[in-house]
Amino acid sequence: MIRGLRIVAENKTGVLRDLTKIIADEGGNIQYAQSFPIRFGEHSGRALVYFEIENGNFENMLKKIRKLESVLEVEEEKPFEQVYGKRVIILGGGALVSQVAIGAISEADRHNLRGERISVDTMPVVGEEEIAEAVKAVARLHRAEVLVLAGGLMGGKIAEEVKMLKKKGIRVISLSMFGSVPEVSDIVVSDPVMAGTIAVMHVSERAKFDIERVRGRRV
């Protein structure tokens, strides 16, 4: 069982060390962690630290962390998987990204109404260097499972990053476009709305669609 832990602490050296030591001492295995400065509100200038922890004595962790002088707040939270669920990422030209999003959001809504959790993230981005960097960064996104590339021309460095992303287990759907990206993607879809729908169906636990079964096809 994975449990979430949100901590507000002083933004100073050694805080993460102290927190992770307590978690390790109590037998917890950190599955996910993030930390960033708080910019607004009553805790502006402090740090928000969030962990998703598996196993260990969670209650003892809470007690010990609350005793740290650097800690202001400690609260258990639901893990992101239970709140936002699996993620579909859409990158490319703004107009096409919005069309893919229509299909993805509509399909995700249908599944989420039945108890699943699937979220859709979009970012309009242009330029070979910029898109290639965005594709590369998908591998660092928590819970990302499928990427849809929406554009009229993508190749070069973008195609190379797509190859690397696929090796890390993330499936890639490409719109029908010029360039080498369609050649290296798992599936090529001509209709942007359908591309978004297919992406959500792939990550859904209830849908019967699997990109692995249609890999290399154009639809």
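Where a number appears in this text, it was derived from the coordinates with a stated rule and is not lab data. Everything quoted here is computed from the prediction, not taken from an experiment. Please note: Cβ atoms are built from the backbone with ideal geometry, for glycine as well, and neighbour counts cover all protein chains shown.
If you take every DSSP beta bridge whose two residues both sit in the chain, what share of them, in percent to the nearest 5, is antiparallel?
50
Strictly over 28 Å apart at the Cα level, which of Lys167/Lys208; Lys67/Lys168; Lys12/Lys67; Lys86/Lys136; Lys63/Lys168; Lys78/Lys163 would you flag in this model?
Lys67/Lys168; Lys63/Lys168; Lys78/Lys163
Placing unit charges on C-beta atoms (Lys and Arg positive, Asp and Glu negative, everything else neutral), compute the dipole magnitude of the chain about its Cα centre in debye, rounded to 20.
It works out to roughly 360 debye.
So if R0 is 22 Å, what FRET efficiency would Arg6 and Glu128 give, r being the distance between their Cβ atoms, rounded to the nearest 0.05?
My answer for the efficiency is 0.05.
Quote to one decimal, in nm, the extra length available between Val83 and Asp121 on full extension: 0.36 nm per residue of separation minus the C-alpha distance between them.
Full extension of this stretch gives 12.2 nm more.
Based on DSSP H runs of at least 4 residues, each adding -39500 (n - 2.57), what is the mean residue ellipticity at 222 nm of the chain after dividing by all its residues, to the nearest 500 deg cm²/dmol?
Computed mean residue ellipticity for the chain: -11000 deg cm²/dmol.
Pairing the Cα long axis of helix 15-25 with the longest principal axis of the chain, what angle in degrees results, from 0 to 90 and rounded to the nearest 10?
Its long axis makes an angle of about 80 degrees.
Once label points are set 7 Å from the Cα along Cα→Cβ at both Leu48 and Lys166, what is their separation, rounded to one decimal in nm?
Distance between label points: 3.7 nm.
Any idea what the relative contact order of the chain is, in percent, if you count C-alpha pairs under 8 Å spaced at least 6 apart?
Normalised by residue count, the contact order of the chain is 18 percent.
At 0.36 nm per residue, and after removing the present C-alpha to C-alpha distance, how many nm does the segment from His142 to Leu72 gain when stretched out fully?
Here the segment from His142 to Leu72 would lengthen by 22.6 nm.
Measure off 7 Å from each Cα along the Cα-to-Cβ vector at Val193 and Thr13, then give the distance between these two points in nanometres to one decimal.
Placing both labels 7 Å beyond Cα along the Cβ direction yields 5.8 nm.
Calculate how steeply helix 192-203 sits against the longest principal axis of the alpha-carbon atoms of the chain, using the helix alpha-carbon long axis, and give the answer as 0 to 90 degrees to the nearest 10.
That helix lies at roughly 50 degrees to the long axis.
In nm, what is the difference between 0.36 nm times the number of residues separating Asp210 and Gln34 and their Cα-Cα distance?
Here the segment from Asp210 to Gln34 would lengthen by 60.2 nm.
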